[in-house]
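Novice: One structure follows; several queries about it will come next.
The values are calculated or read from the model by the stated rules, or taken from the named source; none is laboratory data. Predicted model, so just to flag it, every value in this text is computed and none were measured. Using ideal geometry, Cβ is built from the backbone for each residue, glycine included, and neighbour counts are taken over all protein chains shown. Just the protein is used for accessible areas: all its heavy atoms, side chains included, with ligands, DNA and RNA removed. Shrake-Rupley method; radii C 1.70, N 1.55, O 1.52, S 1.80 Å.
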Amino acid sequence: MYREILRDESYIRRLRAALRAQYGIEAYRITPAERGYYGETWKVQTASGDYFLKIDALPFHRVRFRRGLSVVDYLCGCGVDFAGEVVRTRRGELCWTFDGAAAGLFACIDGKNVETDQTKPAEYQMLCQVYRLTKPWLGLPAATFSDEAAGEFYRRWEALAAAPKTEGDRALLALLEKFRDSHLHCARQLSRLAARCGQEKSPLYLTHGDAGGNFFAGKTQNYILDWDEAMYAPPERDAWVMGCYGWARDLFDDTLAANGVDGRLSMERLAYYCFHMYFFYLNEFLTVQPVCDQTWKAAGYLEDGWIKSRVAFADTVSRALCTPGSMTAPASC
């Protein structure tokens with residue numbers, strides 16, 4: 001977490017003054033909040049209510065953060081009450097600049113970050129509501145079926161290996177080397193599935209990318225927060241993480257149908273996203289490494305992480321594709 005950087009009382013005073021200037025609010029207390037992976041997250045308490053403040057100083061992520069604010073604002077304008085609510089500045093802007101970082105203020109919610117099998121029906125229902133609100137020209141990237149995520153990983157790995165600067169860098173490099181065969185296997189499978197999936201025409205929807213990890217259960221309602229990774233993509237981009245479970249696939253398909261969203265989940269696309277996201281998270285670790293050592297996160301991910309079962313499921317799908325007439329749903333992991 002980037003809150004590891006010391007923020008003293010003078011910093012809080014400047015933050016309080018900035019909130020006064022930007023929003024006309026008087027914060028009597030500002031304390032670290034317990035959510036968020038990127039940037040700083042703060043709870044802002046005022047006499048009229050509480051807010052959630054996010055400050056993102058990472059250059060590679062600021063564009064995503066601003067884009068996510070626009071998505072939340074669009075969904076709120078459509079009547080969605082579970083995606084959070086961005087508070088506009090006095091000038092009507094969604095974000096502002098503080099110490100060179102992008103800052104955004106949200107209405108505070110009463111909820112706890114949870115993800116269980118029991119939260120999936122609500123999560124899928126909310127995602128399908130968002131799919132129905134998909135419209136073009138929201139300034140979002142559109143997903144394509146390619147193996148570029150693997151290519152990016154190898155380029156970042158090579159760049160770190162060429163100039164490791166810290167003991168953490170060297171530890172991360174040793175960890176990546178340990179799993180070299182796994183990386184190569186996943187890269188080959190990703191390339192193969194990308195070629196197959198790219199031949200199909202599938203509708204693209206406004207997807208979240210990590211709805212389960214950002215599911216908040218409140219006393220009166222549930223929320224899906226943090227839309228920074230929003231993208232036009234097939235529903236498999238949201239469904240892949242639980243796609244290795246037959247009951248979850250059935251639930252997602254049933255929820256799509258109940259909400260009038262065309263199509264059913266494709267086993268090929270689910271497998272593709274398992275391999276694609278394998279590299280997505282590795283790329284995140286390598287990107288953040290210069291700012292904050294990610295070795296322990298990467299170790300948990302590769303050695304003990306949930307990603308193993310997703311890759312095993314994707315391998316099962318991939319093997320079935322090689323056997324004519326055997327393309328049936330593989331056993332749940």
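Novice: Of all residues in the range 135-194 being basic (Lys, Arg) and part of a helix (DSSP H, G or I), which is nearest to Ala299 (Cα to Cα)? Spell out the reasoning first.
Specialist: Kept after step one, since they are basic (Lys, Arg), are these residues of the range 135-194: 135, 155-156, 165, 170, 178, 180, 188, 192.
Within this subset, residues satisfying the condition of being part of a helix (DSSP H, G or I) are 155-156, 170, 178, 180, 188, 192.
Working: Arg155: 20, Arg156: 17, Arg170: 13, Lys178: 10, Arg180: 14, Arg188: 22, Arg192: 27 Å.
Among residues in the range 135-194 that are basic (Lys, Arg) and part of a helix (DSSP H, G or I), the one nearest to Ala299 (Cα to Cα) is Lys178.
Novice: Looking only at the range 14-35, filter to residues that are among the charged types (D, E, K, R) and at pLDDT 95 or above; which one of those is farthest from Ala57 (Cα to Cα)?
Specialist: The qualifying residue farthest from Ala57 (Cα to Cα) is Glu26.
Novice: A further question on this structure: Tell me, which helices (runs of 4 or more DSSP H) wholly within the range 206-296 include 3 or more residues that are open to solvent by 10 Å² or more (accessible area, probe 1.4 Å)?
Specialist: Details: elements: 236-239, 246-258, 267-288.
Per the criteria, 246-258, 267-288.
Residue-by-condition table, conditions (1) surrounded by 14 or more Cβ atoms within 10 Å (Cβ to Cβ); (2) closer than 20 Å to Asp210 by Cα:
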residue: Val114; (1), (2): no, yes
residue: Arg170; (1), (2): yes, no
residue: Leu184; (1), (2): no, no
residue: Ser191; (1), (2): yes, no
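Novice: A follow-up question, please. Out of all the residues in the range 84-125, which are among the aliphatic types (A, V, I, L, M) and outside any strand (DSSP E or B)? Break it down into steps so the answer makes sense when it comes.
Specialist: Going residue by residue through the range 84-125, those that are among the aliphatic types (A, V, I, L, M) are 86-87, 94, 101-103, 105, 107, 109, 114, 122.
Within the range 84-125, Leu94, Ile109, Val114, Ala122 qualify.
Novice: Any idea which residue in the range 119-145 is farthest from Leu69 (Cα to Cα), counting only those that are open to solvent by 50 Å² or more (accessible area, probe 1.4 Å) and among the small types (Gly, Ala, Ser)? First the steps, then the outcome.
Specialist: Narrowing the range 119-145 to residues open to solvent by 50 Å² or more (accessible area, probe 1.4 Å): 121, 125, 129, 132, 135-137, 139, 142, 144.
Still in the running and among the small types (Gly, Ala, Ser): 139, 142.
Values: Gly139: 11, Ala142: 18 Å.
Filtering first and then ranking leaves Ala142.
Novice: Applying the selection to the range 48-69, what residues are aliphatic (A, V, I, L, M) and either modelled with pLDDT of 95 or more or open to solvent by less than 40 Å² (accessible area, probe 1.4 Å) (or both)? Lay out the reasoning, then the answer.
Specialist: Kept after step one, since they are aliphatic (A, V, I, L, M), are these residues of the range 48-69: 53, 55, 57-58, 63, 69.
The answer is Leu53, Ile55, Leu58, Leu69.
Novice: Checking the condition open to solvent by less than 60 Å² (accessible area, probe 1.4 Å) and under 27 Å from Glu284 (Cα atoms), which residue from Val87, Val80, Val72 passes? It would help to see each step written out before you state the result.
Specialist: On the way: Val87 fails: under 27 Å from Glu284 (Cα atoms); Val80 fails: under 27 Å from Glu284 (Cα atoms).
Of Val87, Val80, Val72, the one residue that is open to solvent by less than 60 Å² (accessible area, probe 1.4 Å) and under 27 Å from Glu284 (Cα atoms) is Val72.
Novice: Which residue pairs have Cβ atoms closer than 7 Å, lie 6 or more positions apart in sequence or on different chains, and pair a first residue in the range 96-109 that is crowded, with 17+ Cβ neighbours inside 10 Å with a second residue that is in a strand (DSSP E or B) and of a type in the set (Asp, Glu)?
Specialist: Ala101/Asp56; Ala102/Asp56; Cys108/Asp50
Novice: Residue check: is Leu75 under 20 Å from Ala57 (Cβ atoms) and at pLDDT 95 or above?
Specialist: Values: under 20 Å from Ala57 (Cβ atoms): no; at pLDDT 95 or above: yes.
For Leu75, the condition - under 20 Å from Ala57 (Cβ atoms) and at pLDDT 95 or above - is not met.
Novice: Okay, next question. For Ala163, indicate whether it is in contact with a helix residue (DSSP H, G or I) (Cβ under 9 Å, 6 or more places away or on another chain) and surrounded by fewer than 18 Cβ atoms within 10 Å (Cβ to Cβ). Show your work before the answer.
Specialist: Working: in contact with a helix residue (DSSP H, G or I) (Cβ under 9 Å, 6 or more places away or on another chain): yes; surrounded by fewer than 18 Cβ atoms within 10 Å (Cβ to Cβ): yes.
In short, yes.
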